[in-house]
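As structure tokens, the structure follows; a few thoughts come after it.
The values are calculated or read from the model by the stated rules, or taken from the named source; none is laboratory data. Computed from a prediction, not measured in an experiment: that's the story for all the values here. Quick reminder, even Gly has a Cβ in these numbers, built from the backbone with ideal geometry, and neighbours come from all protein chains shown.
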């Protein structure tokens with residue numbers, strides 16, 4: 001159809017462009033009073049007029065036709081998604097604080113270093129507690145020996161019970177003193193609370209540190225990442241632990257497959273929502289805390305659904321929704337037929353059709369705004 005229109009327009013343009021030349025030639029012929037030549041020119045012009053009239057007639061026919069794109073409706077699985085935004089985080093992201101005040105005598109790690117849970121990261125000066133521990137252990141050994149000897153005598157009914165009980169009490173007290181000093185001394189050793197990577201070190205060896213001062217270093221584990229977000233109250237009961245979620249990282253341009261690992265039990269009265277956590281795999285260690293993520297959570301599934309592109313659905317003056325179906329299709333042409341439809345949910349630029357269409361119906365997908373009921377279609 002486009003070719004016919006183009007040829008017709010070109011013919012008209014050529015005719016208009018050549019008009020001046022034809023008029024000049026006719027004037028010359030009239031001046032020359034050459035009757036035979038004038039008759040021949042008349043015949044030629046009449047032939048051109050017939051050609052143009054034929055082209056115009058073709059345009060009159062084709063103006064009632066439309067070139068469109070079509071597709072055949074098929075059954076498919078339709079998934080509807082709830083789309084929300086969340087933040088990437090990890091519970092294993094902390095600043096390591098010293099438990100004991102003193103001079104940092106040892107710092108055994110640096111930024112970027114991988115560490116294991118329990119690994120020694122540094123030491124704080126123990127202010128002589130090592131010597132106190134040695135003295136307390138000696139006192140404990142003496143008290144233990146005294147108790148054992150007193151017990152042997154008491155078992156043989158030698159000595160008094162009070163001497164036996166005093167020896168036992170002294171041994172227990174000495175043992176507790178050793179345990180207390182060991183507990184205090186262990187606080188001078190800085191250990192990794194979990195396996196991860198030293199992200200940043202804030203202090204240098206030789207600095208005086210204290211529990212209330214700036215932390216020593218930040219340690220992060222990127223192997224246990226999750227996305228936290230809030231979901232509207234209306235979705236209670238639609239989400240459960242283990243549901244699969246598509247997690248799109250805007251900064252990376254990548255989508256990860258996550259799973260709901262926690263569903264909140266509290267409704268925020270301010271925005272009528274509840275929190276969820278979605279675990280996300282991080283095999284390439286590209287995820288970082290505080291990254292922005294977009295979540296697509298399946299909240300509705302329809303098997304054997306009929307779906308159409310959302311853009312082909314129109315609304316008439318009565319606010320009824322409709323699509324154009326090809327009626328009497330022979331594979332290349334047909335007529336436009338307006339079919340009222342009832343729509344369901346929409347997702348990913350497609351909409352579920354609840355009624356009005358059947359499998360194998362041929363619908364118009366391209367050019368829907370240029371056609372009307374009964375118009376002949378070419379595709």
Only one of (1) under 30 Å from residue 118 (Cα atoms); (2) touching a residue at least 60 places away in the same chain (Cβ under 8 Å) is not met by residue 304, so which one is it?
(1)
In segment 232-265, residue surrounded by the fewest Cβ atoms within 10 Å (Cβ to Cβ) [restricted to those that are in contact (Cβ under 8 Å) with a residue 40 or more places away in the chain and either in contact with a helix residue (DSSP H, G or I) (Cβ under 9 Å, 6 or more places away or on another chain) or in a helix (DSSP H, G or I) (or both)]
233
If I filter segment 143-158 down to residues being free of Cβ contacts under 8 Å to residues at least 24 places away in the same chain and crowded, with 16+ Cβ neighbours inside 10 Å, which single residue comes out as nearest to the chain's Cα centre (by Cα)?
150
Number of positions in segment 353-378 that are more than 33 Å from the chain's Cα centre (by Cα) and assigned to a strand (DSSP E or B)
4
Matching residues, segment 363-377, being more than 19 Å from residue 316 (Cα to Cα) and surrounded by fewer than 19 Cβ atoms within 10 Å (Cβ to Cβ)
376
Is at least one residue of segment 220-230 surrounded by fewer than 17 Cβ atoms within 10 Å (Cβ to Cβ), in a helix (DSSP H, G or I), modelled with pLDDT under 90 and not assigned by TED's automatic domain parsing to the domain that holds residue 107?
no
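Checking the structure you have, find out if any residue of segment 127-140 is in contact with a strand residue (DSSP E or B) (Cβ under 8 Å, 6 or more places away or on another chain), within 30 Å of residue 252 (Cβ to Cβ) and assigned to a loop (DSSP other than H, G, I, E, B). Give the steps one after another, and end with the answer.
Narrowing segment 127-140 to residues in contact with a strand residue (DSSP E or B) (Cβ under 8 Å, 6 or more places away or on another chain): 127.
Then drop every residue that is not within 30 Å of residue 252 (Cβ to Cβ), which leaves none.
No, segment 127-140 contains no residue that is in contact with a strand residue (DSSP E or B) (Cβ under 8 Å, 6 or more places away or on another chain), within 30 Å of residue 252 (Cβ to Cβ) and assigned to a loop (DSSP other than H, G, I, E, B).
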Is at least one residue of segment 203-218 within 30 Å of residue 261 (Cα to Cα) and under 39 Å from the mean Cα position of the chain (by Cα)?
yes
Filtering helices (runs of 4 or more DSSP H) wholly in segment 1-104 for at least 1 residues that are under 30 Å from residue 371 (Cβ atoms) and modelled with pLDDT of 80 or more gives 35-62
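Just need a number here: residues in segment 202-219 that are outside any strand (DSSP E or B) and either in contact with a helix residue (DSSP H, G or I) (Cβ under 8 Å, 6 or more places away or on another chain) or within 20 Å of residue 119 (Cα to Cα) (or both).
Count: 7.
I'd like the full set of residues that are without any contact (Cβ under 8 Å) to a residue 40 or more places away in the chain and in a loop (DSSP other than H, G, I, E, B), limited to segment 176-201.
So in segment 176-201, the residues without any contact (Cβ under 8 Å) to a residue 40 or more places away in the chain come out as 176, 179-180, 183, 186.
Hits for segment 176-201: nothing passes.
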The correct count of residues that are under 30 Å from residue 76 (Cα atoms) and either outside any loop (DSSP other than H, G, I, E, B) or not assigned by TED's automatic domain parsing to the domain that holds residue 362 (or both) in segment 277-322 is 28
Take residue 180 and tell me if it is in the same structural domain as residue 142 (by TED's automatic domain parsing) and touching a helix residue (DSSP H, G or I) at 6+ places or on another chain (Cβ under 6 Å).
no
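If you check 245, 278, 263, which single one turns out to be at pLDDT 95 or above and in contact with a strand residue (DSSP E or B) (Cβ under 9 Å, 6 or more places away or on another chain)? Talk me through it step by step, then tell me what you get.
Details: 245 fails: at pLDDT 95 or above; 263 fails: at pLDDT 95 or above.
On inspection, the qualifying residue turns out to be 278.
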Which is within 25 Å of residue 67 (Cβ to Cβ) and at pLDDT below 90, of 368, 350, 341, 325?
368
